[in-house]
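> The structure that follows is given in the form of structure tokens.
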Amino acid sequence: MFKFFLVKNFVDVWENIFHVILLNVFMMIVSLALVLAWFLQGFFSAGTFLTLVIYFAFVTVISGIIFTLLFAEGKNAAAASRSEGVSFGSFFKSLPSSFTDGIKAGLIFTLFFAVARYSIPYYIKSFSSTGNFVFLLLAAFIFWFIVVTVLSLQYLIPVMSLMNNSLLKSLKKSYILFFDNTLFSIGLFILNLISAALSVVTFGLAPGFCGIIFNSTNALKIRLYKYDWLEVNPQLSAKEKKDVPWNELLVKEKEILGSHPIKNALMPWKQR
């Protein structure tokens, strides 16, 4: 199943490579502008508390705008996963409707960021000074909570775009998907890390932001077949539920994808 996921994902990205590159360029320009705005906030002369407020306000605004862009592109990634067309028009049309969720996601990100930034160093410092293992346990708990959150958030955009759920409901389902598909989620995270590394090599052109969204969207779309299968087979035992018949469930997807031998990997559209 994971091999098919990799092939499908490569094909979806490559067949929309010009869209991916151009939109990545647009996102990088916006991101650089936001980073510049972040550095400019250092010129503000303010007291400690006000500086902190400005700091987190900028984190919220920057992350909120970036999330808005990602949510808007999530609609295109969902269309690509269904073998439908993607377009810049669809992206820009989705921006206004994605703005509210983007700002909400920015606020949630700022909260997580603040917890990670201040709580872990505080508990570790407290453990070092007192030797109380409770502080160390608290630091470990928050650390692993952040790790699980990062792995779970891979599903946030796909859940919103494929299942049309609200932000908070999508966040809850993201955690559920992670715990129900832990090894798969770790594999997806490794793929996203590789995509990020390739993005550095290509100066962000590909896979970039868009390619990583395509990764997660295809991952969820394929994984949802398991839940459709479980829904029509409620009588299965816990052991039987682990033996998902992926070859049967992905027959239609494989027919849509067609044959893509390695020798034609650079021109996958010819195999449609």
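> For the chain, compute Rg over Rh where Rg is the Cα radius of gyration and Rh is the Kirkwood radius from the inverse mean 1/r over Cα pairs.
With Rg and the Kirkwood Rh in hand, the quotient comes to 1.02.
> While we're here: Counting other C-beta atoms within 10 Å, and keeping those with at most 14, which DSSP coil chymotrypsin sites (Phe, Trp or Tyr not before Pro) do you find in region 180-223? Provide the component values of the computation, followed by the final result.
Numbers: sites: PHE184, PHE189, PHE203, PHE209, PHE214; in loops: PHE203.
The qualifying sites are PHE203.
> Sticking with this one: Using a 10 angstrom cutoff on alpha carbons, build the Gaussian network for the chain and name the most mobile of LEU151, LEU22, LEU32.
Fluctuation is largest for LEU32.
> Taking a threshold of 32 Å on the Cα-Cα distance, which of the pairs LYS3/LYS172; LYS125/LYS169; LYS104/LYS252 fall above it? Let's see the in-between values first.
On the way: LYS3/LYS172 28 Å; LYS125/LYS169 36 Å; LYS104/LYS252 37 Å.
Pairs exceeding 32 Å: LYS125/LYS169; LYS104/LYS252.
> Mind checking which of LEU111, LEU137, LEU224 has the largest fluctuation in a GNM of the chain, springs on alpha carbons under 10 Å?
So, out of LEU111, LEU137, LEU224, the one fluctuating most is LEU137.
> Please identify, among LEU191, LEU250, LEU236, the residue showing maximal mean-square fluctuation in a Gaussian network model of the chain using a 10 angstrom Cα cutoff.
Checking each option, the largest mean-square fluctuation is seen for LEU236.
> Now a separate question. To the nearest 10 degrees, how steep is helix 48-81 against the longest Cα principal axis of the chain, on a 0 to 90 scale?
Roughly 0 degrees, rounded to the nearest 10.
> Take every Cα pair under 8 Å in region 105-239 that's 6+ residues apart, average their separations, divide by the length, and report that relative contact order as a whole percent. Present the calculation step by step, with values, prior to reporting the outcome.
Working: 90 pairs, mean separation 24.8, N = 135.
The value is 18 percent.
> How high is the relative contact order of region 12-167, in percent, with contacts defined as C-alpha pairs under 8 Å that are six or more residues apart?
Values: 126 pairs, mean separation 34.7, N = 156.
22 percent.
> Quick check for me: using +1 on Lys/Arg Cβ and -1 on Asp/Glu Cβ, what's the dipole size of region 80-211 about its Cα centre, in debye to the nearest 20? Present the calculation step by step, with values, prior to reporting the outcome.
Numbers: 8 positive and 3 negative charges, 46 e Å.
Computed charge dipole of region 80-211: roughly 220 debye.
> As a check on your grasp of the helix formula, calculate [θ] at 222 nm for the chain: sum -39500 (n - 2.57) over DSSP H runs of n ≥ 4, divide by the residue count, round to the nearest 500. Intermediate values should be presented prior to the final figure.
Working: 13 runs with 213 residues, N = 272.
Calculated at 222 nm, the ellipticity per residue is -26000 deg cm²/dmol.
> Between 0 and 90 degrees, rounded to the nearest ten: what's the tilt of helix 120-130 against the longest Cα principal axis of the chain?
Around 50 degrees separate the two axes.
> Turning to a different aspect of this structure: For region 93-201, which semi-axes, largest first and in whole Å, follow from the square roots of 5 times the eigenvalues of its Cα gyration tensor?
On the way: eigenvalues 179, 63, 43 Å².
Semi-axes, largest first: 30, 18, 15 Å.
> Here is a follow-up. What is the local net charge at ILE186, summed over the other residues whose Cβ is closer than 15 Å to its Cβ (Lys, Arg +1; Asp, Glu -1)? Walk me through the numbers on the way to the answer.
Values: positive: ARG223; negative: ASP180.
So the surrounding residues net to 0.
> Only Cα pairs under 8 Å and at least 6 apart count here; give the relative contact order of the chain as a rounded whole percent. Each step should come with its number before you reach the end.
Values: 270 pairs, mean separation 68.0, N = 272.
Relative contact order, the chain: 25 percent.
> Moving on to the next point. So how tilted is helix 182-201 from the main axis of the chain? Cα-based, degrees 0 to 90, rounded to 10.
Around 80 degrees separate the two axes.
We did not get these values from a lab; they are worked out from the coordinates using the rules stated. As the structure is a prediction and not an experimental result, all values here were calculated from the model. Heads up, the Cβs are rebuilt from the backbone with ideal geometry, glycines too, and the neighbour counts pull from every protein chain shown.
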